[in-house]
Amino acid sequence: MALKMLSRRWLINYLLIALIGIFIYAGNRYQADSGFPPVNSISSLKPQDINTVIIETPNNNQVVLRNAGNQWLFEKPVQWPADNTTVERLTSIVQGESVSRLPADEIDLATFGLDSPQVTLILNDTRIEFGTTNNIGQRRYVKIAATIYLLPDLHLHFITQGLIGLIDRRLLPRSVSLKSIKLADLILSKSSNDTWQGEASQEAEKERINTLGNHWQTLNAGRIKTYDSSKLPEQIIIARLEDGSEIDFFLMAIKPEIVIARPDLDLQYHFNEKHYYDLLSIAQ
């Protein structure tokens, strides 16, 4: 008899735990307004139809990107290729599923940090204003037109990094019309069939030269940081483009990691030191 009573108590406890879990989930899902059912997405805009991305911050800094076919390009604050994958993650916010929504004219915007938005993201003509996070589930309040939505907090991270988080992580992306690279005494020239040539007599050296040139256009930096102008460069590497213009890269360090700076972009690219022969020299 005692065993049956104990089993019944355990069963009741399990049922109570299950009910509590259901109530927590339901409260989290519908806490802002149970009168509005969840929507499939916060906008009818499709990511593939977005051709302009503008990021505005309260201090009047602005980042502008435009889609040039198969490549996203910065127009402001610099003119250079962006990282397509990161920009596409950012624009995917229009497909975000909102667990709740509220009419903006019926609440105090300061409650959700939307009286002075942290960031405004403009996708074509759609303005998305970012407010504070919700205490449960790490979701963020965003405002589009006259409606406030509660979304998974997945996109603000890419926005707040600005140029560093969105720029292409390759030194000279394929979309850049490159003609030659001067590395100390080594000059690499790009031929019409996209292979690299240099002063090499042996076939093995020719292959290494071609590989070295390709890595300048394909190897992703492990991270990108703001350029540290307080340090002197060890070497200046010059890339010449087809239009005759030149880009100066500063080799800032080789160990404990390779640091190659772009002073004109105010950025520096960090690579593992194992990439020395991938970027800077031909293995002997």
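The values are calculated or read from the model by the stated rules, or taken from the named source; none is laboratory data. No experiment lies behind these values; they were computed from the predicted model shown. Neighbour counts are summed over all protein chains in view; Cβ atoms, including those assigned to glycine, are modelled from backbone coordinates with ideal geometry.
Output the residues belonging to the stretch 156-175 that are of a type in the set (Val, Ile, Thr) and surrounded by fewer than 19 Cβ atoms within 10 Å (Cβ to Cβ). Let's see the steps before the verdict.
Restricting attention to the stretch 156-175, the residues satisfying the condition of being of a type in the set (Val, Ile, Thr) are 159-160, 164, 167.
Of everything in the stretch 156-175, those that are of a type in the set (Val, Ile, Thr) and surrounded by fewer than 19 Cβ atoms within 10 Å (Cβ to Cβ) turn out to be 160, 164.
Residues that are touching a residue at least 60 places away in the same chain (Cβ under 8 Å), at least 3 per element: which strands (runs of 3 or more DSSP E) completely within the stretch 108-157 meet that?
Values: elements: 119-123, 126-133, 139-144, 147-152.
Result: 119-123, 147-152.
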Candidate set from the stretch 83-138 (those that are of a type in the set (Gly, Ala, Ser) and closer than 24 Å to residue 163 by Cα); member that is surrounded by the most Cβ atoms within 10 Å (Cβ to Cβ) | 131
Name the one entry in 203, 129 that is modelled with pLDDT under 90 and of a type in the set (Asp, Glu).
-> 203
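Among the strands (runs of 3 or more DSSP E) contained in the stretch 169-284, which hold 1 or more residues that are in contact with a Leu (Cβ under 8 Å, 6 or more places away or on another chain) and free of Cβ contacts under 8 Å to residues at least 24 places away in the same chain?
On the way: elements: 178-183, 186-190, 223-226, 235-241, 246-253, 257-262, 267-272.
The strands (runs of 3 or more DSSP E) meeting that bar are 186-190, 235-241, 257-262.
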Would you check which residues across the stretch 141-155 are crowded, with 16+ Cβ neighbours inside 10 Å and farther than 25 Å from residue 67 by Cβ and list them?
-> 141, 147, 148, 150, 153
Just a yes or no: is a residue in the stretch 260-274 modelled with pLDDT of 95 or more, in contact with an Asp or Glu (Cβ under 6 Å, 6 or more places away or on another chain) and surrounded by 18 or more Cβ atoms within 10 Å (Cβ to Cβ)?
-> no
